[in-house]
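One structure is given below, encoded as structure tokens.
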Amino acid sequence: MTEKLSLAAMLRPKELSPRQQKERRSFLLSVLAGTGVIGLALLGYVPLVKGWVKRLRPPGALDEREFLASCIKCGQCVQVCPVSAIELADAEDGFGNGVPYIDARRQACDFSCDAVQCVLACPTGALSHQLDKKEQARMGLARLTRPDACLARQGKGFKGVARGPAFPGLHRYVKVDRWTPIPVASHPYDLTLCDLCVRECPIKDAISLEPLESDPLGASRTPVVHEACVGCGMCEMICPVAEPCIEVEERLTWAAAQGRA
Amino acid sequence: MSSVDDYIMPPAAPEPERSKKGEDRKPAAAGNGGLPPMPSEPPPVGTHRFSWSEMGEGVRVMLGGEPRRRDKSDWTERMREVQAWKTTPEQRQYRRELLHKHETTKATFRWRKWRWPSIILINLLFVVSFHLDVQLVEGALTASRFVGFHMADLNSSLQVALAYKEILINLLIGMVTVAFLWWLVGGRSFCAWACPYHLLSEWAEMLHLKLAEKGLVSDHPLDRRLRTVLYVVFAALALGTGYTVFETISPVGIVSRALVYGGGMALVWVAVLLLVEVFYIRRFWCRYACPIGLTYGFVGVTSPVKIEWNASLCLHEGNCRNACLVPHVLEFTIKNRAYDSVMQAGPDCTRCGMCLEACMPGALTFKVKGIGDML
């Protein structure tokens, strides 16, 4: 202890006055605090680099990088959505803290608003104002991720409410009410062959049921996603099996999907 | 240092708002109410004189510079007259009596009782608009629409502009509107009159002062240049990385969004900040870190709303500085530091009015250019 002190004294040519010592302590504490604040903010990079953040963004969202840069994290898009599909991300999204996303399985965007309200609400253009029709959106692409569980592929029908009586999700059934979305749980089906993903898709010609290649003459059908798909996630939300057979892969383009196949 | 300078009264904060409605809550500034009559009239202090050097000094001090000490040879003629009058034997005697009265006079909360409701009301409007769907103020503090008109927080917009390198017209309209509105009422008045984190921080400060009074905690002041460094670093990070890095940890954005849309993990960071402020560094975020405060500080440089100081009434006991979030703006209230008989607080001032509440003789007032004394 004493050795250390004397060593410190040797290294330091002059004794500091109490005031100077106080100033030095204050300065060092400031450096520490500043480093801490900047360091913490930069930790926000980790979820991006590690690829933890894979979010389905609202319609019209710019490329992910530009989207995170231009979004002012105000949530005006959240406020105008008639089915409350849009949520704001939390700290675990790093730089994406406060940025809107859609959990399609919980509540998909079914374009109940018609005019892409979230885009109109966005003050920074993070949701691009070049989008004015739902057909122009490209949020991602629906893909048949669990074909074996698909009821249509098994030739099965569906009877009852799509996601069970406790599911809070909303959907606008044009034949029930042209303007107001109603709970999916209040709309039972009775289908001889399940076609919910096709039936409730809000985009024309985005998805259809086709005969199976392996059994072209049988009663079974398989959902096939077409180029018109905007990736809204309605099919993912409505899929009645426990784990959805069809899911939206966010940001996947038609070209990329074709290349992959 | 004289005994006058050494005397320190407990700062304005710890007394609960609704405590007493007794005589000591009356605004002391109005007339000479409750004070012994002044034995002689002061020489005229005159009106505040604008100078570019004072403005520059204000910005320099806001950025973390130490207030410049003026030589007595720099004093204006009217300051010399006021000082000569203040040091006459009868005035010295009178001021000793006043000081004694000051010791036993509790701070009022005549501004806080407007300011706290102002913060709560502004933030409540956001919450109510969303949850009752009345569409009055949609969004959060970072950006919103006020009955359809775009509003955008200046610092958030700046971050977006630097990261995205493009500004949409809507955002620009929002920025200009907000800049003008806060310029009109003082710039950093955003902090004291609208910022939800400021209110939480004020409560943390009250707790800190209570604990400090009992000797359980003590303040560890930082170097004020830290905020300027953080400002530059966060601007550079936004520009360089293309991400709005600061928004990730902005407690103002986090608290505002939590109020409107519900809180999450990000609130843990806000809680940590508040704990630091209670136990270790008084008002850490608002004093030494927040870039938003500095942005609005720049807006307030030329603002018509200022805190003005009258040399003839000041007792130099320092209550105002003890109550103040940014005491460097009140440097002139220290004995022999003012070079003019009327001085105005610099742009870092949040126009919270706590110095007014702490000043019994009413040497400090709100001044609105073109309108005159407010109080």
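The values are calculated or read from the model by the stated rules, or taken from the named source; none is laboratory data. None of these values were measured; they are calculated from a predicted model. Reconstructed Cβ throughout: ideal geometry from the backbone, glycine too, with neighbour counts over all protein chains shown.
Screening the range A:51-107 for residues that are within 19 Å of A:Cys229 (Cα to Cα) and touching a Phe, Trp or Tyr at 6+ places or on another chain (Cβ under 7 Å) and picking the one that is surrounded by the fewest Cβ atoms within 10 Å (Cβ to Cβ) gives A:Arg55. Going through the range A:87-132 one residue at a time, which ones are facing another protein chain (nearest Cβ under 10 Å), aliphatic (A, V, I, L, M) and under 14 Å from the mean Cα position of the chain (by Cα)? Within the range A:87-132, A:Leu88, A:Ala89, A:Val99 meet the criteria.
For the range A:178-199, does any single residue satisfy the condition of being over 30 Å from A:Asp63 (Cβ atoms), surrounded by 15 or more Cβ atoms within 10 Å (Cβ to Cβ) and within 20 Å of the chain's Cα centre (by Cα)? Checking the range A:178-199: not a single residue is over 30 Å from A:Asp63 (Cβ atoms), surrounded by 15 or more Cβ atoms within 10 Å (Cβ to Cβ) and within 20 Å of the chain's Cα centre (by Cα).
Residues are listed down the side, and each one gets a yes or a no for (1) under 15 Å from B:Ser201 (Cβ atoms); (2) not basic (Lys, Arg):
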{"position": "B:Ile254", "(1), (2)": "yes, yes"}
{"position": "B:Arg257", "(1), (2)": "no, no"}
{"position": "B:Ala266", "(1), (2)": "no, yes"}
{"position": "B:Trp269", "(1), (2)": "yes, yes"}
{"position": "B:Val272", "(1), (2)": "yes, yes"}
{"position": "B:Arg283", "(1), (2)": "yes, no"}
{"position": "B:Pro291", "(1), (2)": "no, yes"}
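Considering only the range B:321-338, I want to know if a residue exists there that is surrounded by fewer than 19 Cβ atoms within 10 Å (Cβ to Cβ) and either on the phi > 0 side of the Ramachandran plot or in the same structural domain as B:Arg227 (by TED's automatic domain parsing) (or both). Yes. In the range A:119-134, the residues that are free of Cβ contacts under 8 Å to residues at least 40 places away in the same chain reach residues that are surrounded by 22 or more Cβ atoms within 10 Å (Cβ to Cβ) and assigned to a helix (DSSP H, G or I) with C-beta atoms within less than 9 angstrom, at least six apart or across chains, in these pairs: A:Asp132/A:Val119.
Taking the range B:129-157 as the region of interest, how many residues are more than 10 Å from chain A (Cβ to nearest Cβ) and modelled with pLDDT of 95 or more? Residues meeting the conditions: 2. When each of A:Val37, A:Val46 is tested for being at pLDDT 90 or above, facing another protein chain (nearest Cβ under 9 Å) and closer than 17 Å to B:Tyr243 by Cα, the lone residue that passes is A:Val37. Filtered by the rule that a residue be within 7 Å of chain A (Cβ to nearest Cβ), surrounded by 23 or more Cβ atoms within 10 Å (Cβ to Cβ) and under 20 Å from A:Arg65 (Cα atoms), the range B:234-258 gives B:Tyr243, B:Thr244, B:Val245, B:Phe246, B:Glu247, B:Thr248, B:Ile249.
Filter the range B:38-53 for residues that are aromatic (Phe, Trp, Tyr) and in a loop (DSSP other than H, G, I, E, B) and give the result. Answer for the range B:38-53, where residues must be aromatic (Phe, Trp, Tyr) and in a loop (DSSP other than H, G, I, E, B): just B:Phe50.
Among the numbered conditions (1) hydrophobic (A, V, I, L, M, F, W, C); (2) modelled with pLDDT of 85 or more; (3) surrounded by 13 or more Cβ atoms within 10 Å (Cβ to Cβ), the only one that B:Val4 does not meet is (2). With respect to the conditions (1) within 14 Å of chain A (Cβ to nearest Cβ); (2) over 23 Å from B:Arg282 (Cα atoms); (3) not aliphatic (A, V, I, L, M), B:Trp182 lacks only one, and its number is (1). Each residue in the range B:77-96 was checked for being surrounded by 12 or more Cβ atoms within 10 Å (Cβ to Cβ) and more than 17 Å from B:Ile334 (Cα to Cα), and 6 pass.
With respect to (1) under 19 Å from the mean Cα position of the chain (by Cα); (2) crowded, with 17+ Cβ neighbours inside 10 Å, the lone exception for A:Pro240 is condition (1). The one condition from (1) surrounded by fewer than 16 Cβ atoms within 10 Å (Cβ to Cβ); (2) modelled with pLDDT of 95 or more that A:Gln130 does not meet is (2). Does the range B:113-133 contain at least one residue that is part of a loop (DSSP other than H, G, I, E, B) and crowded, with 17+ Cβ neighbours inside 10 Å? No: zero hits. For beta carbons closer than 7 Å, sequence separation of 6+ or different chains, a first residue in the range A:67-82 that is more than 8 Å from chain B (Cβ to nearest Cβ) and a second that is basic (Lys, Arg) and in a loop (DSSP other than H, G, I, E, B), the qualifying pairs are A:Phe67/A:Arg57.
Yes or no: the range A:26-36 includes at least one residue that is crowded, with 18+ Cβ neighbours inside 10 Å, over 21 Å from A:Val248 (Cα atoms) and in contact with a Lys or Arg (Cβ under 8 Å, 6 or more places away or on another chain). Checked against the condition, which is being crowded, with 18+ Cβ neighbours inside 10 Å, over 21 Å from A:Val248 (Cα atoms) and in contact with a Lys or Arg (Cβ under 8 Å, 6 or more places away or on another chain), the range A:26-36 yields at least one hit. Looking only at residues of the range B:185-233 that are away from every other protein chain (no Cβ under 14 Å) and acidic (Asp, Glu), we find that the one that is surrounded by the fewest Cβ atoms within 10 Å (Cβ to Cβ) is B:Glu213.
In the range B:259-283, of all residues being under 28 Å from B:Met175 (Cβ atoms), at the interface with chain A (Cβ under 10 Å from one of its Cβ atoms) and modelled with pLDDT of 95 or more, the one that is surrounded by the fewest Cβ atoms within 10 Å (Cβ to Cβ) corresponds to B:Leu267. Is one or more of the residues making up the range B:95-102 closer than 27 Å to B:Arg227 by Cβ and among the charged types (D, E, K, R)? No, the conditions are met nowhere in the range B:95-102. So, B:Leu99, is that one without any contact (Cβ under 8 Å) to a residue 60 or more places away in the chain, more than 10 Å from every other protein chain (Cβ to nearest Cβ) and in a helix (DSSP H, G or I) or not? Considered against the rule, which asks whether it is without any contact (Cβ under 8 Å) to a residue 60 or more places away in the chain, more than 10 Å from every other protein chain (Cβ to nearest Cβ) and in a helix (DSSP H, G or I), B:Leu99 comes out as no.
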